[in-house]
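Read through the structure below, which is laid out as structure tokens, and then see the notes.
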Amino acid sequence: MPSGLPRGARFHEEIAAGWTAGYARGAFARRLELIRVILTRHVRPGDSWVDLGCGSGVLCRELLALGASVVAVDGSPRMLSQAQERMGSEYAGRVSWIQSDVQSIDAVKNGAFDGVLCSSVIEYLDRPDALLKEVARILRPGGVLVISLPPTLSVVRALQKGIRAFMSMFGNAKFAYLSVSRLEISPRAIDRLLQEAGFLVIRSTKYDPVLPRALLRLVRPALLVVEARKLNRL
């Protein structure tokens, strides 16, 4: 494994080979459908998007299918390699690849993009504010950010933490992602964090891998998928 990778990238190096297959069923398939619906609201043919933390390229393909050109960025070399191998020739001319810490993408120009997709990334970072400032830098004024964040007081995450703590007493590392997915943030703090980075929240959609949608009116989900627009600032 390459040395010097961020904590989240090191974790995803180990699971890169099976990442795409996970989207074929269950909770990941339902989350993919939600992201697909959200992207349809914002992506237009000819747009230029960044898939920030592209993983094995599953969501990158959704952007490309909607007609966008894409810069795909990931901190994990193995994830990026999986994405390139699986992309296929039909999109080869509309996607470029950058292996980089997502909190500082020196190769990406200021104000060059119509949108940024950032799914299941920010919770693995030490400085979420640095990521959002970088997103604001690369987006054009009025550009769109689609980002997922885990809220505080999620019933499912709390249950997973309890199971993980119990199983660890027997040497079983259940829900290993929780060792590196540490950020949890209240909905109000999400709005404030985005506002401080120069964004206006358009919409927030609840997603949970276990709980039925009706129950999410009463309890917090595992993820919030937030749509925000970069403000025009002089």
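Observations on the model:
- Residues of region 138-178 with amide N under 11 Å of the 7 Å Cα→Cβ point at E14: 173-178
- The H on the amide N of V95, modeled in the peptide plane, is under 5 Å from the matching H of V70, each at least 5 residues off or on a different chain.
- Within the listed set Q99, Q195, Q160, the residue fluctuating most in the Gaussian network model of the chain (springs between alpha-carbon atoms under 10 angstrom) is Q160.
- Placing a pseudo-label 7 Å from each Cα along the Cα-to-Cβ vector at L231 and D106 gives an inter-label distance of 3.1 nm.
- Taking amide H as placed 1.01 Å from N in the peptide plane, I185 has its amide H under 5 Å from the amide H of T152, each at least 5 places away in sequence or on another chain.
- Ordering G171, L216, L183 by Cα displacement along the dipole of region 170-218 toward the positive end leaves L216 in first place; charges were set at the Cβ atoms of Lys, Arg (+1) and Asp, Glu (-1).
- Electrostatic tally near L80: other residues with Cβ closer than 12 Å to its Cβ, Lys and Arg +1, Asp and Glu -1, net -2.
- For the chain, the relative contact order comes to 19 percent (Cα pairs under 8 Å, sequence separation of at least 6).
- Fraction of the pair-distance distribution of region 49-180 above 18 Å, Cα-Cα pairs, percent: 58 percent
- Stokes-Einstein D (µm²/s) once Rh is taken as the Kirkwood radius of region 7-230 over alpha-carbon pairs, at 4 °C in 1.567 mPa s: 73 µm²/s
- Comparing mean-square fluctuations of E123, E62, E90 from a GNM of the chain with C-alpha springs under 10 Å, the top value falls on E90.
- Reach of K174 by Cα under 27 Å, taken over lysines that are not fewer than 8 positions away in the same chain: K161, K206
- Helical mean residue ellipticity (222 nm; -39500 (n - 2.57) per DSSP H run of 4+; nearest 500) of the chain: -10500 deg cm²/dmol
- Membrane-span-like helices of the chain, defined as complete DSSP H segments with a Cα extent of 15 Å or more along the helix axis and a mean Kyte hydropathy of at least 0.0, are identified as 26-42, 128-138, 155-168.
Every read-out reported here was derived from the displayed coordinates using simple, explicitly stated rules and does not represent laboratory data. Keep in mind it's a predicted model, so treat the numbers as computed, not measured. Cβ: placed from backbone, ideal geometry, glycine included. Neighbour counts: every protein chain shown.
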